[in-house]
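Below you'll find the structure, written out as structure tokens, and then a few comments.
The values are calculated or read from the model by the stated rules, or taken from the named source; none is laboratory data. What you see is a predicted model; the values in this text were computed from it and never measured. Note that we place each Cβ from the backbone using ideal geometry, even for glycine, and neighbour counts take in every protein chain shown. The accessibility values were calculated without ligands, DNA or RNA, using every heavy atom of the protein model including side chains. Shrake-Rupley method; radii C 1.70, N 1.55, O 1.52, S 1.80 Å.
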Amino acid sequence: MTVSVAVVGAGFMGANHARVLSTLPGARLAVVIDHDPERARRVAAEFGCYHGTSMKEAAGGVDAAIIATPTETHSDVALQALALGWHVLVEKPFAPSVREAETLVAAADDAGRMLAVGHVERFNPACL
């Protein structure tokens, strides 16, 4: 089984997630989404996938999303992804407030979708 993944946010962390996803067996980098169409296009071209400026554009061909947008947008973007039926990994920090984090957890539970927070550098030997 191959999981199709959208990376939402094409900045430094989003590009890093796209790079890693493009090499993982069992995963397919489906689309890079960013509000800046040129940035989305550039990252997508580098890793051989589609690009766009809206999650709704990619809704049918995606199973999961990695949210790598600015922290203040994590809750809204993750809620949109969950509403599309996607499993979601949110880059740290998870949400700007405990209340927003609790709302995300409840939304994922209601949707029956997995929700996780990315601590990708936590186990990096360079950071230990």
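Table for the structure above
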| quantity | calculated |
| --- | --- |
| Using alpha carbons only: equivalent-ellipsoid semi-axes of the chain, gyration tensor based, whole Å | 21, 18, 14 |
| Among 80-90, 95-105, the order from most to least packed when residues are scored by Cβ within 10 Å on average | 80-90, 95-105 |
| Portion, in percent, of the accessible area of the chain that falls on carbon or sulfur, probe 1.4 Å | 58 |
| Relative contact order, percent, the stretch 60-110 [alpha-carbon distance under 8 Å, six or more residues apart] | 39 |
| Relative contact order (%) - criterion: Cα under 8 Å, at least six apart; region: the chain | 21 |
| Tensor-based shape of the stretch 1-53 (alpha-carbon gyration tensor, a/c under 1.5 rounded, otherwise prolate or oblate) | prolate |
| At 0.692 mPa s and 37 °C, Stokes diffusion of the stretch 40-108 via Kirkwood alpha-carbon radius, µm² per second | 259 |
